[in-house]
Amino acid sequence: MALNENEVPMSKKIEILVVDDSTMMTSLARRILETKNYLVTTASSGEECLEYVKNHSPNLILLDVFMKGMDGFEVLHELKARTQTSSIPVIFLTGDEHNETEIRGLHEGAVDFISKPFIPGILIQRVQNTIELSLLQKNLQREVDKQAGKLKRLTQQIMLALSSTVDAKDHYTRGHSFRVAKYSKEIARRLGRSEQFLEDIYAMGLLHDIGKIGVAGSIIRKDSRLTDEEYADIKEHTITGYNILKNITELPGLAIGARWHHEHYDGTGYPDGLKGQQIPEEARIIAVADAYDAMTSKRTYTTVRPQAEVRAEIERCKGTHFDPEITEIFLKMIDEDTEYTMREDESNF
């Protein structure tokens, strides 16, 4: 077996995989690198290298360019194509002094070249430089990921706080934005949308009613029929919400749900009278979720409606108020909810 490992635990040392079809070269590299306490593993072919990295993660690969079977370029291409090995730095080993070889190698992802036969000082220095840079990059990436995670959590908390502020204007709408966001995300998941889409529409659902901050509480809480003037004020929440959210350039899609969640598939909605596919998909999804939650929540003017009645109303509005495909998905969600848990918890009242 061409693969050989020191008996020193890998967790305590930096591992270097040396790949060369010359046992003389792999032995020489091992002797030089072990003087610096590196854990050295060797492979005699590109195929053995690729087999080894299926279950191991060396810190660095020294890869001969010209070998029998797979050459170094083919091995490098395969390493970069695999998620597990794409970030492992690779230094090419070569006795070829042509610049074209070096240019091609660097272009395809090698980080450096070392000429054969090895000069011990040069081999050690280039290996050390590469490993130090790789470790620095990984540490920086971990810190970036850590800070990004904090920022993401902060953003989510701010959005939840804002949505709660809107819901708090009316005792009877608490939790509305959260439920709309949750239903919208599930619809999008069943539509096969990307994880990023799911995150985005959840945020849009949380803030779809943010414009109601600008609507008088007396109108929102009114338990009798609204006057034409009051209804016009209510409708303005879509524009107000859009104007609030459109300036958040880091999350540009947030404003979509706020502006167009009251558009109707047949063009009879507001504020812009958009029709069919003119309405952004996110708004078409939120529209169904929003209407459903309104019917399954206790309000000043109504109680939670029976599930069968709600289902019938959603189906009745398919193709008029709501996108037919999205409606069918939501109807299936309702049918699966045999315990009628998709509603506001009335025990809070």
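Among the residues of segment 208-259, those identified as at pLDDT 90 or above and over 22 Å from residue 288 (Cβ atoms) are 236, 240, 243.
Okay, residues lined up against (1) of a type outside the set (Asp, Glu); (2) farther than 30 Å from residue 199 by Cα; (3) at pLDDT 85 or above:
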position: 101; (1), (2), (3): yes, yes, no
position: 114; (1), (2), (3): yes, yes, yes
position: 122; (1), (2), (3): yes, yes, yes
position: 127; (1), (2), (3): yes, yes, yes
position: 149; (1), (2), (3): yes, no, no
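Residues of segment 201-226 that are of a type in the set (D, E, K, R) and outside any loop (DSSP other than H, G, I, E, B): 212 alone.
For segment 274-288, which positions are crowded, with 17+ Cβ neighbours inside 10 Å and over 16 Å from residue 331 (Cβ atoms)? Before you say what the answer is, go through the steps one by one.
First, the residues of segment 274-288 that are crowded, with 17+ Cβ neighbours inside 10 Å: 274, 279-288.
If the condition is that a residue be crowded, with 17+ Cβ neighbours inside 10 Å and over 16 Å from residue 331 (Cβ atoms), then 274, 279, 280, 281, 282, 283, 286 are the ones that fit.
Is at least one residue of segment 286-307 among the small types (Gly, Ala, Ser), part of a loop (DSSP other than H, G, I, E, B) and more than 22 Å from residue 342 (Cβ to Cβ)? So far as segment 286-307 goes, no, none of its residues is among the small types (Gly, Ala, Ser), part of a loop (DSSP other than H, G, I, E, B) and more than 22 Å from residue 342 (Cβ to Cβ). State yes or no: is residue 131 under 26 Å from residue 34 (Cβ atoms), within 33 Å of the chain's Cα centre (by Cα), at pLDDT 80 or above and assigned to a helix (DSSP H, G or I)? Against the criterion (under 26 Å from residue 34 (Cβ atoms), within 33 Å of the chain's Cα centre (by Cα), at pLDDT 80 or above and assigned to a helix (DSSP H, G or I)), residue 131 qualifies. Here residue 193 meets each of (1) closer than 21 Å to residue 291 by Cβ; (2) in a helix (DSSP H, G or I); (3) modelled with pLDDT of 80 or more with one exception, condition (2). For the condition farther than 17 Å from residue 257 by Cβ, in contact with a Ser or Thr (Cβ under 9 Å, 6 or more places away or on another chain) and assigned by TED's automatic domain parsing to the domain that holds residue 294, residue 221 qualifies. It is to be established whether one or more residues within segment 55-74 are free of Cβ contacts under 8 Å to residues at least 12 places away in the same chain and within 25 Å of residue 137 (Cβ to Cβ). Taking every residue of segment 55-74 in turn, at least one turns out to be free of Cβ contacts under 8 Å to residues at least 12 places away in the same chain and within 25 Å of residue 137 (Cβ to Cβ). When the criteria are applied in full, residue 201 meets the requirement of being surrounded by 18 or more Cβ atoms within 10 Å (Cβ to Cβ), among the aliphatic types (A, V, I, L, M), closer than 27 Å to residue 268 by Cβ and at pLDDT 90 or above.
Is one or more of the residues making up segment 313-325 out of contact with any Pro (no Cβ under 9 Å at 6 or more places or on another chain), of a type in the set (Gly, Ala, Ser) and at pLDDT 95 or above? Walk me through how you get there before you give the answer.
Here is the first cut: in segment 313-325, the residues out of contact with any Pro (no Cβ under 9 Å at 6 or more places or on another chain) are 313-317, 319-325.
With the extra rule that they be of a type in the set (Gly, Ala, Ser), the set shrinks to 319.
The next check asks that each one be at pLDDT 95 or above; those that pass are 319.
Within segment 313-325, one or more residues are out of contact with any Pro (no Cβ under 9 Å at 6 or more places or on another chain), of a type in the set (Gly, Ala, Ser) and at pLDDT 95 or above.
The set of residues in segment 217-273 being within 31 Å of the chain's Cα centre (by Cα), surrounded by 15 or more Cβ atoms within 10 Å (Cβ to Cβ) and hydroxyl-bearing (Ser, Thr, Tyr) consists of 238, 240, 242, 265. Restricting attention to segment 99-113, does a residue exist that is surrounded by fewer than 21 Cβ atoms within 10 Å (Cβ to Cβ), assigned to a loop (DSSP other than H, G, I, E, B) and not small (Gly, Ala, Ser)? Within segment 99-113, one or more residues are surrounded by fewer than 21 Cβ atoms within 10 Å (Cβ to Cβ), assigned to a loop (DSSP other than H, G, I, E, B) and not small (Gly, Ala, Ser). May I ask you to verify whether residue 84 is more than 24 Å from residue 51 (Cα to Cα) and within 25 Å of the chain's Cα centre (by Cα)? Here the answer is no, as residue 84 does not meet what is asked.
Kindly evaluate residue 181 against the criterion of being part of a helix (DSSP H, G or I), within 13 Å of residue 293 (Cβ to Cβ) and modelled with pLDDT of 70 or more.
Values: part of a helix (DSSP H, G or I): yes; within 13 Å of residue 293 (Cβ to Cβ): yes; modelled with pLDDT of 70 or more: yes.
Yes, satisfied.
Taking segment 289-338 as the search range and keeping residues that are among the β-branched types (Val, Ile, Thr) and exposed (fewer than 12 other Cβ atoms within 10 Å of the Cβ), which one is farthest from residue 183 (Cα to Cα)? Walk me through it before giving the result.
Filtering segment 289-338 down to residues among the β-branched types (Val, Ile, Thr) leaves 296, 300, 302-304, 310, 314, 320, 326-327, 329, 334, 338.
If we keep only those that are exposed (fewer than 12 other Cβ atoms within 10 Å of the Cβ) as well, we get 303, 338.
Numbers: 303: 20, 338: 16 Å.
Checked segment 289-338; the qualifying residue farthest from residue 183 (Cα to Cα) is 303.
The values are calculated or read from the model by the stated rules, or taken from the named source; none is laboratory data. Since the structure is predicted, the reported quantities are computational estimates derived from the model, not experimental observations. In this analysis, Cβ positions are derived from the backbone assuming ideal geometry, glycine residues included, and neighbour counts consider all displayed protein chains.
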